[in-house]
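Note sheet for the following structure.
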Amino acid sequence: MHSYFLSQEKLLYIDVGVEAAWVPRDRRPREEWTEEEKQRHANIGWTGQVVAGLRLNGKTFLEPVAGRFPDILEDEDEIAPSEMACSQVIASEPQRLITNRFAAQAVAGYLNELFGERTLSTHVTFFHAKKLYMRGERIVDG
């Protein structure tokens, strides 16, 4: 997606990332989890971010997600997304419903402003579903 973004003359690319929730891989019921496993599960899977990348007339005005977080280009995951069914990915690295809803709400804000006011005022939004906050980084002219 990063290469594609850079190759386009005009493109708005809204990327959403959410943290996977941790669960034991052996699928034991929660009653059999250790206290450490319960704590790990309780503290992971609540955060995410939305990044709006924008190119106009062949120039990047807002860096896309890989420009903002270049380490994602260094991912060396052994399993390509096309090699595993979504149901298998969700089973091994589940996501919390509330975290995904926070992500959807953030994207809805971008789209609402874009379609309603024909402008964008936020480049990156970070959120934490458990702590109930969402923080946007405003676009600064210049």
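Miscellaneous remarks
- Exposed-loop-free span, longest in the chain, where trypsin sites (Lys or Arg not before Pro) count as exposed if DSSP calls them loop and at most 16 other C-beta atoms lie within 10 Å: 28-117
- Amide hydrogen proximity for Ala21: with H placed 1.01 Å from N in the peptide plane, the residues at 5 or more positions away or on another chain lying under 5 Å are Gln95, Arg96.
- With helices as the sole contributors, the chain gives -9500 deg cm²/dmol at 222 nm; each DSSP H run of n ≥ 4 counts as -39500 (n - 2.57), and the sum is divided by every residue.
- Residues whose amide H lies under 5 Å from that of Thr122, counting only those 5 or more places away or on a different chain, are Ile139; hydrogens are built 1.01 Å from N in the peptide plane.
- In this entry, the chain is assigned a mean projected area of 10.7 nm², taken as a quarter of its C-alpha convex hull surface.
- Principal-axis tilt of helix 97-117 within the chain, Cα atoms, nearest 10 degrees: 10 degrees
- Full-extension gain in nm, Lys59 to Glu113, via 0.36 nm per residue minus C-alpha separation: 17.2 nm
- Computed with a 1.4 Å probe over protein heavy atoms only, the accessible surface of the chain comes to 69 Å² per residue.
- GNM flexibility winner over the chain from Thr119, Thr99, Thr34 (Cα, springs under 10 Å): Thr34
- Within the chain, longest stretch clear of exposed GluC sites (Glu not before Pro) (DSSP loop, no more than 14 other Cβ within 10 Å): 10-75
The values are calculated or read from the model by the stated rules, or taken from the named source; none is laboratory data. Computed from a predicted model, the values in this text were never measured in an experiment. Quick reminder, even Gly has a Cβ in these numbers, built from the backbone with ideal geometry, and neighbours come from all protein chains shown. Quick note on the areas: whole protein, heavy atoms, side chains included, nothing else; ligands and nucleic acids left out. Shrake-Rupley method; radii C 1.70, N 1.55, O 1.52, S 1.80 Å.
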